[in-house]
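**Student:** Input: one structure, supplied below.
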Amino acid sequence: MAQTNFRMTKCFLPVVIFLFLIVTHQADAQHLFKDVTDSAGIQHEFKVYEGMFGGGACVFDFNNDGNEDIYITGGMNNDRLYSNNGNGTFTDVFLGSGLELTRDYVTQGVASADLNRDGFRDLLITTITKRNEKLVIPRAINLLFLNNGNGTFRDVTKEYGLGNMNSFSTGGSFGDINADGWPDIYIGNYFNDYRGTLKVINDATIVASNQTAKGYLLINEKGKKFRDAYSEYGLDHSGFGFGGVFTDFDNDRDQDIIVNHDFGYKRTPNLALENEYPDKKLKDVGRANGLVVRINSMAAAPGDFDNDGDMDYLITNIGFNNFMVNEGGGKRFYNDAKKLGLNYFAISWGANFSDFDLDGDLDLYVSNGDLNPNCKPMADFYFENIGGQFRENATAMGLADYGIGRGSVVFDFDKDGDEDILVVNQVPELSYPVKSVTRLYRNDGVKGNWIKIALKGVAAESNGIGSRIEVEVKGKKMIREIDGGSASHLSQSTLNAHFGLGDAKLIDKITVYWTGGNEQVITNVPVNQLLEIKEVAMKKEEKFPKLLLFFAAFVAIIVLIFIGRRRAR
């Protein structure tokens, strides 16, 4: 006990002095972000089970009232379903929602999509075990809930084929891997078998373990059930999985997957799975294109930071994060973190690209937090994009939170045109010098124009998950992908694509690249609005011009042959 107290005191004193100096120095600073956790009615802490795992948050408008709501997992604490009241406050409506089953489980991550295309967002919640039962790994099922459309949810875990899939799962995400308009699921699994307690996980236990787990690739069968097609798509990889991100890293208009693996330097590194649609095959091209990184890969956040039309990726880590810059069409990636000003040491988890200051380029928020039950606080990062270089400015921006951060999400909860941040923090298991609770930061004081775009798919996924939007203004092109989850650790941000536009008064052109191949163009669009774009299917002659030309050429050749033979006679 004396040794433990000495250890805690040794960590505590320098941290208190450091925090005092920061608070004193910044007392009169004008922050871009304001902590509105208390005034907004957010009261949440994620409590771990035996160690460092969890948790996540999901942004979704579950009651279709036009205000974006939040679901937050609680681990050993109860989850929260926060209904956005539309006036800057939230109300917890978890009790009576039909989601109370989650109280039997240690929940981890959460993501949302319209599984059955009925117009309402449904929920996937991942778990690692049950709360009150001593279970060996694989320990428990993941949970799937359909939205009833009246503010409540119905458990369809067994009905949709997930009832017998016991696992130790971390992050889940949605995409449309086969471009059929029905959202599919990737779930990362961490252990296949592990008999110890999670508190003693370290390099030695990992090296001694041969029980890495395969993920799940769940194909949506017309909104009725899911089928695990992991091996069907040529996958046999296993690792300490933290989930996967559906993203088009090679610009071929189908969804690839980046899989995050913990302890990648000891076991399986992260994967870059190229989708060979229409073939049912996912090919790991990470070694060929440089996207394989042998780190503790916690999350992979996509964003085109340099507006060159290619998706780049911030991959969070224990240590230095990797910033993988796309050198063109996904053929080659380079880690340019140091060159771009991102080479900061921390234990990072969630990460979100957004144009927080509305100047026309993507900034970056990163949530940091030590491994429970350690006691070293570390502030979150805010990297401002200045001409393609990043400057860390979290303290001045009001975002230097020292809680034990995990998942994070961005969304415009107050509908003022700029994006706000919610970060999920864990309860510390030892004495801790600051209050570690989930925090909501409101983006204030930004001057600049913007547009938000909500997609309504007809042939594509009904909320546009997996589609890409390109905005052209004053000669600049900016792209966004619609987030299906796990782009930030175990979490899912808004499905509204957000663009900062600086002083532009009119958008020249918006192009939507829908999953499935449709393209849609809108021109001369006014700024400062939430624009809803409903998919308009292309005519067959527009969608298949090459096929028509081939057919016409074939017919012409047959006619010429026929005429030639007639003349020969």
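The values are calculated or read from the model by the stated rules, or taken from the named source; none is laboratory data. Because the structure is predicted, anything quoted here is derived from the model rather than measured. Every residue, glycine among them, receives a Cβ derived from its backbone with ideal geometry; neighbour counts consider all protein chains shown. For accessibility, only protein heavy atoms count, side chains too; no ligands or nucleic acids. Shrake-Rupley method; radii C 1.70, N 1.55, O 1.52, S 1.80 Å.
**Student:** Nothing charged except the Cβ atoms of Lys and Arg (+1) and of Asp and Glu (-1): what's the magnitude of the dipole of the chain about its Cα centre? Round to the nearest 20 debye.
**Tutor:** Numbers: 59 positive and 75 negative charges, 357 e Å.
With Lys and Arg at +1 and Asp and Glu at -1, about 1720 debye.
**Student:** A further question follows. With point charges of +1 on the Cβ of Lys and Arg and -1 on the Cβ of Asp and Glu, referenced to the Cα centre of the range 350-465, which listed residue (ASN449, SER462, VAL427) lies farthest in the positive direction of the dipole?
**Tutor:** VAL427
**Student:** Sort the following peptides by mean Cβ neighbour count (other Cβ atoms within 10 Å, averaged over residues), highest first: 348-356, 126-134.
**Tutor:** Values: 348-356: 27.3, 126-134: 18.0.
Output ranking for 348-356, 126-134: 348-356, 126-134.
**Student:** Taking the Cα-to-Cβ direction at SER231 and at ARG294 and moving 7 Å from each Cα, how far apart do the two end points lie in nm?
**Tutor:** The two pseudo-label positions are separated by 3.0 nm.
**Student:** Add +1 for every Lys or Arg and -1 for every Asp or Glu among the other residues with Cβ under 13 Å from the Cβ of THR157, and state the total.
**Tutor:** Working: positive: ARG154, LYS158, LYS225; negative: ASP104, ASP122, ASP155, GLU159.
Here the count lands on -1.
**Student:** Still on this model: Tell me, what is the per residue accessible area of the range 73-166 in Å², probe radius 1.4 Å?
**Tutor:** Numbers: 3460 Å² over 94 residues.
Here the residues of the range 73-166 average 37 Å² of exposed surface.
**Student:** Related question: Angle, helix 545-568 long axis vs. longest principal axis of the chain, Cα atoms, 0 to 90°, nearest 10?
**Tutor:** The helix 545-568 is inclined about 20 degrees to the chain.
**Student:** Can you give the net charge of the other residues whose Cβ lies under 15 Å from the Cβ of ASP401, counting K and R as +1 and D and E as -1?
**Tutor:** On the way: positive: LYS34, LYS376, ARG406, LYS435, ARG439, ARG442; negative: ASP35, ASP38, GLU45, ASP370, ASP380, GLU392, ASP420.
Net charge in that neighbourhood comes out at -1.
**Student:** Among GLY517, ASN77, ASN317, flag the residue with its Cα farthest along the positive direction of the charge dipole of the chain, charges on Cβ as +1 for Lys/Arg and -1 for Asp/Glu.
**Tutor:** GLY517
**Student:** Return the distance in nm (one decimal) between the two label points of a simple spin-label model at ASN85 and GLU472, each offset 7 Å from Cα along Cα→Cβ.
**Tutor:** 4.6 nm
**Student:** Give me the percent of accessible area attributable to carbon and sulfur for the chain, probe 1.4 angstrom.
**Tutor:** Answer for the chain is 53 percent, counting heavy atoms of protein chains only.
**Student:** Mind checking the full-extension length gain between LEU530 and HIS31? Use 0.36 nm per residue of separation minus the Cα-Cα distance, one decimal, nm.
**Tutor:** Numbers: separation 499, 0.36 × 499 = 179.64 nm, distance 2.60 nm.
In short, 177.0 nm is gained.
**Student:** Something else: In the structure displayed, which of LYS214/LYS283; LYS281/LYS452; LYS214/LYS331; LYS158/LYS281; LYS47/LYS214 lie more than 24 Å apart, Cα to Cα?
**Tutor:** Working: LYS214/LYS283 15 Å; LYS281/LYS452 34 Å; LYS214/LYS331 26 Å; LYS158/LYS281 27 Å; LYS47/LYS214 26 Å.
Going by Cα-Cα distance, LYS281/LYS452; LYS214/LYS331; LYS158/LYS281; LYS47/LYS214 fall outside the 24 Å limit.
**Student:** Have a look at ASN368, HIS498, TYR105 and report the one farthest towards the positive end of the charge dipole of the chain, computed about the Cα centre with Cβ charges (Lys/Arg +1, Asp/Glu -1).
**Tutor:** Comparing the listed Cα positions along the dipole, TYR105 ranks first.
**Student:** Post the alpha-carbon centroid distance, the range 417-477 to the range 124-180, in whole angstrom.
**Tutor:** Cα centroid of the range 417-477 versus Cα centroid of the range 124-180: 25 Å apart.
**Student:** Quick check on the chain: helices-only [θ] at 222 nm, where DSSP H runs of length 4 and up contribute -39,500 (n - 2.57) each and the sum goes over total residues. Nearest 500, please. Could you put the intermediate results ahead of the total?
**Tutor:** Numbers: 7 runs with 70 residues, N = 569.
Result for the chain: -3500 deg cm²/dmol, rounded to the nearest 500.
**Student:** Also: If the only charges are +1 at each Lys and Arg Cβ and -1 at each Asp and Glu Cβ, what is the size of the charge dipole of the range 31-145 around the Cα centre, to the nearest 20 debye? Present the calculation step by step, with values, prior to reporting the outcome.
**Tutor:** On the way: 10 positive and 16 negative charges, 96 e Å.
Dipole size: approximately 460 debye.
**Student:** Only Cα pairs under 8 Å and at least 6 apart count here; give the relative contact order of the chain as a rounded whole percent.
**Tutor:** On the way: 1615 pairs, mean separation 79.4, N = 569.
Relative contact order, the chain: 14 percent.
**Student:** Can you work out ³J(HN,Hα) from phi for every residue in the range 395-408, in order, using Karplus 6.51 cos²θ - 1.76 cosθ + 1.60 and θ = phi - 60°, giving whole Hz and x for Gly and Pro?
**Tutor:** After applying 6.51 cos²θ - 1.76 cosθ + 1.60, I find 5, 5, 7, x, 10, 7, 6, 9, x, 7, x, 9, x, 8 Hz.
**Student:** Here's a follow-up. Report, ordered by chain and residue number, the lysines lying within cross-link reach of LYS34, taken as a straight Cα distance under 21 Å and ignoring same-chain residues fewer than 8 apart.
**Tutor:** LYS415, LYS435, LYS447
**Student:** Which value, in Å² rounded to 10, gives the accessible area of ASP155 with a 1.4 Å probe and all protein chains present?
**Tutor:** That residue has around 70 Å² of solvent-accessible surface.
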